[in-house]
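To keep things clear, I will list the structure first and then write my remarks on it.
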Amino acid sequence: MVKVLFVCLGNICRSPLAEGIFDKMVNEQGLQDQFTIDSCGTAAYHIDSQPDPRTVANAKQNGLILNHQARQFDGSDFQNFDHILVMDRSNLGNVRIFEEFNEVTSKVELMRTYDSEEPNADVPDPYYGGDQGFQKVYDILYRSCGELLKRLG
Ligand code: 4NP
């Protein structure tokens, strides 16, 4: 079983979308028995919330139904997951603090390590922007998830 965790700040925009896209790709390839997939946020603002309505609408336009209840990243995630994909450098910094505290080997990578168009850039935070930002995030995550699955599948 390969356990994959997607991490952003609020767990209502980028990471639940990454989870939904990756889960759909895994299912389309018939690999669902081989993966555990989840997402979370480094902040506590939106614990228990469903994804942002703008993320839900964008996902729907792209043929994806999202159903995820936000939760906060926790030190136990280092034990429970093999691959931790963070959306930006700020998330990376926050997760690294937990990492040092828990003295664990790094399993953390920037999501766009897997984006051939702009490797190692941040996935931009769409929360304070317009609708276009959500489609841009979708396109980035679609490319990155496809490449990630090629590596892990
Ligand atoms: P996310 O976006 O990290 O992609 O879920 C955000 C969601 C909420 C906030 C910031 C970013 N916020 O400040 O509440």
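The values are calculated or read from the model by the stated rules, or taken from the named source; none is laboratory data. The shown structure was predicted, so the numbers you read here are calculated from the model rather than taken from an experiment. Cβ: placed from backbone, ideal geometry, glycine included. Neighbour counts: every protein chain shown. Note: accessible area is taken over every heavy atom of the protein model, side chains too, but ligands, DNA and RNA are not part of it. Shrake-Rupley method; radii C 1.70, N 1.55, O 1.52, S 1.80 Å.
Please report the relative contact order for the chain, taking Cα pairs under 8 Å with a sequence separation of at least 6, and give it as a percent rounded to a whole number. Intermediate values should be presented prior to the final figure.
Values: 276 pairs, mean separation 41.9, N = 153.
Computed over the chain, the figure is 27 percent.
At a 1.4 Å probe radius, carbon and sulfur cover how many percent of the accessible area of the stretch 1-84?
Taking all protein chains in place, the stretch 1-84 shows 46 percent carbon and sulfur surface.
So what's the Cα pair-distance distribution over the chain, bin width 5 Å, in %?
2, 10, 21, 24, 23, 14, 5, 1, 0
Pairwise over distinct Cα atoms, reciprocal of the mean inverse distance: report the Kirkwood radius of the stretch 71-153 in Å, one decimal place. Show your work: numbers first, answer last.
On the way: mean 1/r = 0.0727 Å⁻¹.
Evaluated on the stretch 71-153, it is 13.8 Å.
Based on the mean of other beta carbon atoms within 10 Å per residue, what is the order of 58-68, 78-88, 41-51, most packed first?
Values: 58-68: 15.0, 78-88: 20.1, 41-51: 16.9.
Answer by packing, highest mean first, reads 78-88, 41-51, 58-68.
Which order do the peptides 14-21, 109-116 take when ranked by the mean count of other beta-carbon atoms within 10 Å per residue, highest first? Let's see the in-between values first.
Details: 14-21: 29.0, 109-116: 19.2.
Packing order, densest peptide first, comes out as 14-21, 109-116.
From the Cα gyration tensor of the stretch 16-103, with a ≥ b ≥ c the square roots of its eigenvalues, which class applies: rounded if a/c is under 1.5, or else prolate if a/b is larger than b/c, or else oblate? Spell out each step's value before the answer.
Details: a/c = 2.28, a/b = 1.38, b/c = 1.66.
It is oblate, given that a/c is not under 1.5 and a/b is not larger than b/c.
Could you name the lysines in cross-link range of LYS60, using Cα to Cα under 29 Å and dropping any fewer than eight places away on the same chain?
Leaving aside lysines fewer than 8 places away in the same chain, those within reach of LYS60 are LYS3, LYS24, LYS136, LYS150.
Can you give me the accessible area per residue for the chain, using a 1.4 Å probe, in Å²?
Working: 7750 Å² over 153 residues.
Averaged over the residues of the chain, the accessible area is 51 Å².
Per-residue HN-Hα couplings for the stretch 92-102, Karplus 6.51 cos²θ - 1.76 cosθ + 1.60 at θ = phi - 60°, whole Hz, x for Gly and Pro?
4, x, 5, 5, 4, 4, 4, 4, 5, 5, 8
For the stretch 112-153, list log₁₀ I(q)/I(0) at each q in 0.14, 0.22, 0.28 Å⁻¹, using the Debye formula over Cα point scatterers of equal strength and ignoring solvent, two decimals each.
The Debye formula, applied to the Cα set alone, gives -0.32, -0.69, -0.93.
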